[in-house]
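Novice: Before I ask anything, let me first share the structure, which is written out below as structure tokens.
The values are calculated or read from the model by the stated rules, or taken from the named source; none is laboratory data. All figures in this text were calculated on a predicted structure; none of them were measured in a lab. Every residue, glycine among them, receives a Cβ derived from its backbone with ideal geometry; neighbour counts consider all protein chains shown. Accessible surface areas use protein heavy atoms only, side chains included; no ligands, DNA or RNA. Shrake-Rupley method; radii C 1.70, N 1.55, O 1.52, S 1.80 Å.
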Amino acid sequence: MSFTLPKLKYAYSALDNYIDAQTMEIHHGKHHDGYVSKLNAALEGKDDSLNTPIEQLIGQLASLDASVQTKVRNNGGGHYNHTLFFEALTPEQKELTEELSTEINKKFGSFNEFKSQFIEAALGRFGSGWAWLIKTSEGLKIVTTANQDSPIMDIIPEEQRGDPILGVDVWEHAYYLRYQNKRNEYLENIFNVIDWEVVSNRYSKL
Ligand code: MN3
């Protein structure tokens, strides 16, 4: 089995009011594609036990041979994280379900308070990484991870682990062309194109 780059459900220019077409094209067509091809290259000729869906593959990093573990961590994480990210963007206005909205209010007080805590966490991630809304046994939680680490990886600290329902890329490649060093403006703007229907569906399926 080899992994393939998922197609986007919108055009590269569709989010242009907030995320420019060139950034989208490079991000999906070069960066995400690069993770997919490097992941495939890392797995070529390896044991059949690695022939699993991506969630399973990066959920069992601890058991992988050192010769592939780092490559799968970086590129498998890159593939999984970007798939979640691009799937949950949309040029259309999509609403949260009552179910998720209630959970967010319960945990954070209000949607606006959630948003401000999420942005604060994302700004606090030094260097490259991700900000996440995850579901844990104690309910919803905001966490961040470094590089291409993902909340479903078995080898990251316990307090970062959970089921991701929203992931926002804070690598400079996600925003630098339009926003340069202004990660805060990128984050404020990306909230205009998050597909809350997709995020809500992820939540309800857990
Ligand atoms: Mn990226």
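Novice: Would you point out the residue of region 132-175, among those that are among the acidic types (Asp, Glu) and in a helix (DSSP H, G or I), that is farthest from Lys115 (Cα to Cα)? Before you say what the answer is, go through the steps one by one.
Specialist: Initial filter on region 132-175 (among the acidic types (Asp, Glu)): 138, 149, 154, 158-159, 163, 169, 172.
Filter once more, keeping what is in a helix (DSSP H, G or I): 158-159, 172.
Numbers: Glu158: 24, Glu159: 20, Glu172: 20 Å.
Among those that are among the acidic types (Asp, Glu) and in a helix (DSSP H, G or I), it is Glu158.
Novice: I would also like to ask the following. Filter region 1-18 down to the residues that are touching a helix residue (DSSP H, G or I) at 6+ places or on another chain (Cβ under 7 Å) and either modelled with pLDDT of 95 or more or within 16 Å of the ligand (Cβ to nearest atom) (or both) and list them by number. If you could, list the steps in order and put the result at the bottom.
Specialist: Just the residues of region 1-18 that are touching a helix residue (DSSP H, G or I) at 6+ places or on another chain (Cβ under 7 Å), to begin with: 2-6, 8, 12-13, 15, 18.
Residues satisfying the conditions are Phe3, Thr4, Leu5, Pro6, Leu8, Tyr12, Ser13, Leu15, Tyr18.
Novice: Within the set of pairs 6+ apart or on separate chains, which have a first residue in region 28-46 that is away from the ligand (no atom under 16 Å from the Cβ), a second that is modelled with pLDDT of 95 or more and not in a helix (DSSP H, G or I), and C-beta atoms under 6 Å apart?
Specialist: Asn40/Phe3
Novice: May I pose another question? Spot the failing condition for Leu166; the list is (1) touching a helix residue (DSSP H, G or I) at 6+ places or on another chain (Cβ under 9 Å); (2) under 26 Å from Glu25 (Cα atoms); (3) more than 16 Å from the ligand (Cβ to nearest atom), and only one is missed.
Specialist: In the conditions (1) touching a helix residue (DSSP H, G or I) at 6+ places or on another chain (Cβ under 9 Å); (2) under 26 Å from Glu25 (Cα atoms); (3) more than 16 Å from the ligand (Cβ to nearest atom), Leu166 misses (3) alone.
Novice: Out of Phe126, Phe86, I need the residue that is part of a loop (DSSP other than H, G, I, E, B), within 30 Å of Gln60 (Cα to Cα) and either under 14 Å from the mean Cα position of the chain (by Cα) or at pLDDT 95 or above (or both). Which one?
Specialist: On the way: Phe86 fails: part of a loop (DSSP other than H, G, I, E, B).
Within the list Phe126, Phe86, the selection yields Phe126.
Novice: Just to be sure I understand the filter: pairs with C-beta atoms under 7 Å, separated by 6 or more residues or on different chains, first member in region 64-93 and more than 13 Å from Ser37 (Cα to Cα), second member within 12 Å of the ligand (Cβ to nearest atom) and among the hydroxyl-bearing types (Ser, Thr, Tyr). Which pairs pass?
Specialist: Pairs found: His82/Tyr35.
Novice: Which one of Gly124, Gly78, Gly129, Gly139 is of a type in the set (Gly, Ala, Ser) and under 25 Å from Lys7 (Cβ atoms)? Show your work before the answer.
Specialist: Details: Gly124 fails: under 25 Å from Lys7 (Cβ atoms); Gly129 fails: under 25 Å from Lys7 (Cβ atoms); Gly139 fails: under 25 Å from Lys7 (Cβ atoms).
Just a single option satisfies the conditions, and that option is Gly78.
Novice: Shifting gears a bit: Any residue at all in region 2-22 that is in a helix (DSSP H, G or I) and free of Cβ contacts under 8 Å to residues at least 60 places away in the same chain? Step through it out loud before you land on a result.
Specialist: Start the filter on region 2-22 by keeping residues that are in a helix (DSSP H, G or I), which leaves 21-22.
Then keep just the ones that are free of Cβ contacts under 8 Å to residues at least 60 places away in the same chain; that gives 21.
Yes, that holds for at least one residue.
Novice: Which one is least open to solvent (accessible area, probe 1.4 Å), of the residues in region 176-206 that are under 16 Å from Thr23 (Cα atoms) and part of a loop (DSSP other than H, G, I, E, B)?
Specialist: From region 176-206, those under 16 Å from Thr23 (Cα atoms) are 176-183, 185-187, 189-190, 193; that's our starting set.
Checking which are part of a loop (DSSP other than H, G, I, E, B) leaves us with 180-182, 193.
Values: Gln180: 66, Asn181: 121, Lys182: 74, Val193: 4 Å².
If we take residues in region 176-206 being under 16 Å from Thr23 (Cα atoms) and part of a loop (DSSP other than H, G, I, E, B), then Val193 is least open to solvent (accessible area, probe 1.4 Å).
Novice: Restricting attention to region 137-162, report how many residues are more than 12 Å from the ligand (Cβ to nearest atom), open to solvent by 70 Å² or more (accessible area, probe 1.4 Å) and under 22 Å from Val72 (Cα atoms).
Specialist: Total meeting the criteria: 3.
Novice: Which one of these is within 23 Å of Trp196 (Cα to Cα), of a type in the set (Val, Ile, Thr) and surrounded by fewer than 20 Cβ atoms within 10 Å (Cβ to Cβ): Thr4, Thr90, Thr23, Thr52? Please lay out each step first, then the result.
Specialist: On the way: Thr4 fails: within 23 Å of Trp196 (Cα to Cα); Thr23 fails: surrounded by fewer than 20 Cβ atoms within 10 Å (Cβ to Cβ); Thr52 fails: within 23 Å of Trp196 (Cα to Cα).
Being within 23 Å of Trp196 (Cα to Cα), of a type in the set (Val, Ile, Thr) and surrounded by fewer than 20 Cβ atoms within 10 Å (Cβ to Cβ) holds for just one of Thr4, Thr90, Thr23, Thr52, which is Thr90.
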